[in-house]
Amino acid sequence: MPHPTKPAPSLAFTPASQFQAALEAERSGDGTTAATLYRQVLTGKGGDAIHAGAHDGLSRLLVGSDMAAAAEHALAAWRLTPTDPTRRSNLWQLLTHLGEAADVARFQGRDDCVGLVALGNALRRDGQGLRAERAYRRALERFPEVSFTLSRLACLCAEQHRLEEADALFQQAAQRHDGRDAVTRTAPAFLQSLRQGPPPTGIRATIQEGAGATNRPLVVYASCDAGYAVKFLPSMVRSILEDSALDCAVAVHLINPDPEAESVVAGLITRHGADRFIILRETIDLSAMGSNAKTYYACSRFLVLPDLMLRWNRPILMLDVDLLAVRDLNPLLASSSQSDLGMMSHALKRLDIWSLLYADVLHIQPTPGAWRFLDLTRRYIQHFLARGLPYWFLDQAAMAAVHLAGFADSAAPRLTIYPADIHSSRVMVDADGRYWTDDSAYFYSVRATGGGQHSVHRLNRRVGTIADLPLPS
């Protein structure tokens, strides 16, 4: 007796398998197929988790071409899983950055959440602050559950020096979604309370000063953990001592150094001479911070700067350790030599208070004004670290708050603001390690730009600018 024929297996995708196929297409670089599959997932009954994942995927695929559309999908994913910290952060980032000045007409008339926030951002970038505020307030009225709009309105108020109002909005935002808003305060009374508080405690660090380092007219100071010391410190130090034309000592602040980092430092001392170096070593248990330990690595230098100013009593150039000096730095430092502090700002980034002042290049004069600024910055950072809030950008939130609200009742320190093009976004390297950069640049940021990191160890001599780069024959 013949066996009954088995039915052919179904070729129909389940929502889970369709989602997995979309992920695999995205990983392989087939964005068109991935987008089609993600959209098909959203038409089925895959459940909140799979639908949220599909929205995540579409947001990733769209962010480079249509940030507003990416934000719509990020918002949809967050609505499905509102307690997910990654989705909350993704939505916060997109709502913060979308909307250029040229987009006003594009978003005009939209009454959805993303459209209103994008319109507010675009209007701010176009200099139309009052209309921007109306767009943000309309978004808050229509979509009160999307608390991220509070950050947008708070930053607008801070830009207009409505500092108490901004402070209240940041606190409301922090209560709703925590994150970076939780470490952002702009009320002058809050800054005044920090200044009147107990003296800040310094960090526990040893200091080893080379005999000749104390006689140099300038200290170049960089701070990092062991991993960054191995990855970036040799190129950074070499660029300062060989390419910057500065007569300086180099102070290296190592946080939790390991044997490999110590070996790197020993090699630098052997190559360049012990009399050029000041080595600070700090050991601290950061296990309680988890992945936020990187915030401490960024902030630790500010916790010791006021003490170093008093110890050294000479100008300090504090740099991120992933920066390379790509030409003579003396003209840049001369431009800020009559101020208390020189640092970089980027007008187009001022939609965020955290980007009002950058922490990557800081030229510090041994003046009372500079010390008051940095002492209050240290107090601000310690206030939030002591409360278990080591959120990324705490150092720049501190500098912005001190700049905006720290001297309401006294003379503010004098700042020189460096333009953003002191940084190069490009480095072209040939086989001999010679490199070309933008003609305005003083520095190249290896980590921030991504490009060229694999060949940084080969950079040995600057030849000219990108415009001078010879074309292939």
Helices (runs of 4 or more DSSP H) within region 122-204 that include 2 or more residues within 13 Å of residue 401 (Cα to Cα): 149-159, 163-177, 188-195
Exclusive hit being free of Cβ contacts under 8 Å to residues at least 40 places away in the same chain and β-branched (Val, Ile, Thr), set 146, 41: 41
Filtered residues of region 71-127 (kept if touching a His at 6+ places or on another chain (Cβ under 6 Å) and either within 23 Å of residue 159 (Cα to Cα) or crowded, with 23+ Cβ neighbours inside 10 Å (or both)): 73, 77
Helices (runs of 4 or more DSSP H) contained entirely in region 35-103, each with at least 1 residues that are under 26 Å from residue 292 (Cα atoms) and more than 24 Å from the chain's Cα centre (by Cα): 48-62, 67-80
Selection count, region 167-220, where residues are within 25 Å of residue 298 (Cβ to Cβ), at pLDDT 90 or above and of a type in the set (Lys, Arg): 2
Options 278, 353, 240, 316; residue that is in the same structural domain as residue 375 (by TED's automatic domain parsing), under 20 Å from the mean Cα position of the chain (by Cα) and in contact (Cβ under 8 Å) with a residue 60 or more places away in the chain: 353
Search result, residues across region 208-228 that are surrounded by fewer than 17 Cβ atoms within 10 Å (Cβ to Cβ), over 12 Å from residue 315 (Cα atoms) and either of a type outside the set (S, T, N, Q) or touching a Ser or Thr at 6+ places or on another chain (Cβ under 9 Å) (or both): 211, 212, 227
Selection count, region 1-31, where residues are under 28 Å from residue 61 (Cβ atoms) and at pLDDT below 50: 1
Those helices (runs of 4 or more DSSP H) lying entirely in region 258-345 with at least 3 residues closer than 14 Å to residue 237 by Cα: 259-272
Flag if residue 255 is touching a Ser or Thr at 6+ places or on another chain (Cβ under 9 Å), crowded, with 19+ Cβ neighbours inside 10 Å and either without any contact (Cβ under 8 Å) to a residue 60 or more places away in the chain or of a type outside the set (Ser, Thr, Tyr) (or both): yes
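The values are calculated or read from the model by the stated rules, or taken from the named source; none is laboratory data. Source: prediction; values computed, not measured. In this analysis, Cβ positions are derived from the backbone assuming ideal geometry, glycine residues included, and neighbour counts consider all displayed protein chains.
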